[in-house]
1. Could you go through region 206-221 in sequence order and give the Karplus-derived ³J(HN,Hα) for each residue, using 6.51 cos²θ - 1.76 cosθ + 1.60 with θ = phi - 60°, rounded to whole Hz, and x for Gly and Pro?
2. Quick one: angle between helix 166-175 and the longest Cα principal axis of the chain, in degrees between 0 and 90, rounded to 10, please.
3. For a test of the definition: using alpha carbon positions, the gyration tensor, and the 1.5 limit on a/c, classify region 241-332 as rounded, prolate or oblate.
4. Ranked by Cβ crowding within 10 angstrom, fewest neighbours first, how are Glu408, Glu139 ordered?
5. Residues in region 1-39 near a label at Asp184, defined as backbone nitrogen under 20 Å from the 7 Å Cα→Cβ point?
6. If we count every other residue with Cβ under 10 angstrom of Ile100's Cβ, Lys/Arg +1 and Asp/Glu -1, where does the sum land?
7. Beta carbons within 10 angstrom, averaged per residue: use that to sort the peptides 51-64, 78-91, highest first.
8. Using the Karplus equation 6.51 cos²θ - 1.76 cosθ + 1.60 (θ = phi - 60°), what ³J(HN,Hα) coupling, rounded to whole Hz, does each residue of region 110-127 give in order, writing x for Gly and Pro?
Amino acid sequence: MKGFVPTPPALVDQMVDKLFRAGPPTAESTLLDPGCGSGVFVEGVLRWCQRNGAAIPRITAVDSDPARLREARRALAGVAQVTLDERDFLLPSAEQYDFIIGNPPYVSIMGLDACERAIYRERFRAASGRFDLYLLFFEQALGMLSRNGRLVFVTPEKYMYVQSAGPARQILAAAGVEEIELIDEQSFPGLVTYPAITTVACGHGRGPTRFVARDGTTLDVRLPPNRRSWLATINGRQPHEGGPTLADAFARISCGVATGADDVFVLPRGRVPEGLDRFAYPTLSGRELVPGTEPSPSKMMLVPYGPNGELLPERRLGGLRDYLTTPDRRERLERRTCAARKPWYAFHETPPLADLRKPKILCKDITSRPWFVPDLSGEIVPRHSVYYLVPNDPSRLQELCDYLNSDEVAEYLMAHCQRAANGFLRLQSHILKQVPLPAELVAGEQLAAV
Ligand SMILES: C[S@@+](CC[C@H](N)C(=O)[O-])C[C@H]1O[C@@H](n2cnc3c(N)ncnc32)[C@H](O)[C@@H]1O
């Protein structure tokens with residue numbers, strides 16, 4: 001069954017406290033636990049009611065996994081107020097609840113089959129881009145929350161900033177987010193998940209949201225009403241409106257080349273077989289970029305593409321074809337997922353060579369502090385772990401690079417970039433494109449159009 005991660009009792013208790021913070025339930029209140037698993041939230045609600053002398057509300061706990069529900073039935077046998085339902089929570093429903101609490105499944109789109117994806121995309125606004133099931137649980141649960149109802153979910157924090165969660169953010173902000181608390185990375189033993197507890201209070205409307213950081217500091221923020229990432233708001237910065245951005249000064253801001261088989265296409269400089277020099281380009285990975293030093297590639301990439309980025313026909317590969325068709329290499333290339341839809345020797349993604357082989361600026365994709373280095377020769381083919389920025393006006397490359405290395409840009413990226421598992425910044429082209437740019441750095445003809 002999809003996405004079972006049990007919630008530890010201490011976290012359950014913390015969440016139930018938030019659920020009843022505005023007032024205890026009555027015997028008539030209704031409470032839903034969607035994706036209840038073995039019933040830990042129901043047990044937490046019963047504990048809370050007993051501890052606080054409150055009436056037990058009418059509780060419905062739903063899970064689509066019969067084995068989990070059997071466990072819940074065993075744990076909750078004899079509690080008359082509890083109904084356990086084996087069903088798919090994501091089916092249309094007109095039910096309404098005063099309280100909803102849970103730990104929805106974290107299942108990325110990759111864990112869903114084509115039919116499920118199509119159904120969810122049709123039914124949920126939150127099923128956008130590379131969505132995750134917990135976003136749909138948010139949307140479905142918010143649709144089932146009664147007027148003045150309260151919802152508390154623990155989920156990955158990344159819904160606050162990933163692009164695919166834009167529609168879910170909009171739905172949440174409209175419902176009224178009372179509080180977001182980032183909790184310890186180790187809250188789920190054995191998993192590093194960067195979890196957040198989100199409390200929605202219908203009726204809270206567009207009131208301020210209390211944000212509690214992992215170090216315990218708190219901040220009242222007003223969440224953007226649109227799909228924009230909440231990171232900038234939470235970091236106390238206003239989103240950049242209007243003025244020029246990096247997208248105005250660069251013809252291309254992209255992630256480097258993904259071959260899908262660097263072990264075949266990338267070789268140490270001195271090991272390029274004789275006769276293959278015309279296919280070989282100096283290349284760098286993020287790890288090979290060293291702060292404060294000129295980029296100096298020690299590896300070469302064999303590129304079966306022409307100067308304009310067109311895949312060369314096999315008959316024009318010459319010695320490169322012989323190199324790639326040794327049994328182990330050919331078998332390795334055919335094992336790549338892209339080989340199902342492309343010629344066996346094509347790269348995972350077509351390299352835009354015409355743009356790539358121009359003077360440009362390089363930066364590592366995951367880094368503790370972003371830093372940028374120029375490739376003045378334009379010869380380097382960056383690999384997938386390197387972002388590259390090709391300026392409209394190559395004569396301003398150094399100037400633009402200096403600006404990119406300024407504290408101002410570092411602060412912007414710190415405030416807007418996602419975090420990787422180690423807390424490092426994860427650069428992305430859509431964030432880089434939005435970095436504000438001083439008007440004087442925009443090339444003349446672009447400035448007129450801004
Ligand atoms: C992260 S687990 C949480 C389980 C439990 N609430 C807890 O906190 O320990 C998510 C649960 O959602 C259930 N689930 C996944 N997809 C579901 C669906 N479409 N409808 C109902 N339950 C679902 C899984 O079987 C799993 O038990």
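1. Values, residue by residue: 9, x, x, 9, 7, 10, 10, 7, 5, 8, x, 5, 10, 7, 9, 10 Hz.
2. It works out to around 30 degrees.
3. Values: a/c = 2.52, a/b = 1.71, b/c = 1.47.
Verdict is prolate for region 241-332.
4. Values: Glu408 13, Glu139 21.
Going from sparsest to densest Cβ surroundings: Glu408, Glu139.
5. Answer for region 1-39: 5-18.
6. On the way: positive: Arg150; negative: Asp33, Asp98.
Net local charge, Ile100 excluded: -1.
7. Working: 51-64: 18.3, 78-91: 14.6.
For the peptides 51-64, 78-91, the packing ranking is 51-64, 78-91.
8. Once θ is set to phi - 60°, the couplings for region 110-127 become 5, x, 10, 7, 4, 5, 4, 4, 5, 5, 5, 4, 6, 8, 10, 5, 6, 7 Hz.
Here, each number is a calculation from the coordinates, and none is a lab measurement. Please read all numbers here as calculations on a predicted model, not as lab measurements. Here the Cβ is made from the backbone with ideal geometry for all residues, glycine too, and neighbour counts use every protein chain on show.
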